[in-house]
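Participant: Mind having a look at this structure? Questions to follow.
The values are calculated or read from the model by the stated rules, or taken from the named source; none is laboratory data. Since we're looking at a predicted model, the values are computed, not measured. All Cβ positions, glycine included, derive from the backbone under ideal geometry; neighbour counts span all protein chains shown.
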Amino acid sequence: MNETIRVPEVRLIGPNGENIGVVSIQEAQRVAREADLDLVEVAPNSEPPVCRVMDFGKFIYERAKKDREARKAQTKIEIKEIRLRPKTNDHHRDLKVRDARRWLESGMKVKVRIRFRGREISYPEIALTDLKEIAEELSDVAVVEQTPALEGRTMLMVLAPGKPAKKK
């Protein structure tokens, strides 16, 4: 990347971070050559542009390292889903709720979907009471992020991990 800096004067920051001041571009290049380092333009839009005497390869490496660390620190929120029907029996629903509790405790979001088939769509209040009961059962570990809503032939609710309750 051997690009030249095309301005007559720059504000120069020395190899040890000290502010040298506004100098000509030839003087800045001389300082960089004497220190056996590169002259890098760090703030091209300021007046005059700011240049720094530094090891450019090391600068690029450090910046890439910081970017990698930042990406590692990001948390990806996974969304799990449990699917039920209005006629799902209590035992089966309890198994699904237990799975949802485990996922919520590990920090994942949970979608609870009740799918209607045939004429079941005529009784959305059954699904609504089911979803409210599930939200109540999981209220100690979750908060309702999206309230139950009918979307086509399914009723959907989203639960997000909440503050865990203190153990008794």
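Participant: What residue, among those in the range 13-43 that are among the charged types (D, E, K, R) and more than 41 Å from the chain's Cα centre (by Cα), is surrounded by the fewest Cβ atoms within 10 Å (Cβ to Cβ)?
Facilitator: Of everything passing the filter in the range 13-43, GLU34 is surrounded by the fewest Cβ atoms within 10 Å (Cβ to Cβ).
Participant: Have a look at GLY118, GLY162 and point out the one that is of a type outside the set (A, V, I, L, M, F, W, C) and on the phi > 0 side of the Ramachandran plot.
Facilitator: Just one listed residue meets the conditions, GLY118.
Participant: Okay, moving on. Can you name every residue in the range 6-33 that is touching a strand residue (DSSP E or B) at 6+ places or on another chain (Cβ under 9 Å) and among the acidic types (Asp, Glu)?
Facilitator: If the condition is that a residue be touching a strand residue (DSSP E or B) at 6+ places or on another chain (Cβ under 9 Å) and among the acidic types (Asp, Glu), then GLU9, GLU27 are the ones that fit.
Participant: Specify the residue that is surrounded by the fewest Cβ atoms within 10 Å (Cβ to Cβ); the eligible residues are those in the range 44-74 that are out of contact with any Pro (no Cβ under 6 Å at 6 or more places or on another chain) and touching a residue at least 24 places away in the same chain (Cβ under 8 Å).
Facilitator: Per the stated criteria, the residue is SER46.
Participant: Moving on. Can you tell me which residue in the range 114-127 is modelled with the highest pLDDT, limited to those that are under 16 Å from ARG93 (Cβ atoms) and surrounded by fewer than 18 Cβ atoms within 10 Å (Cβ to Cβ)?
Facilitator: Selected residue: ARG115.
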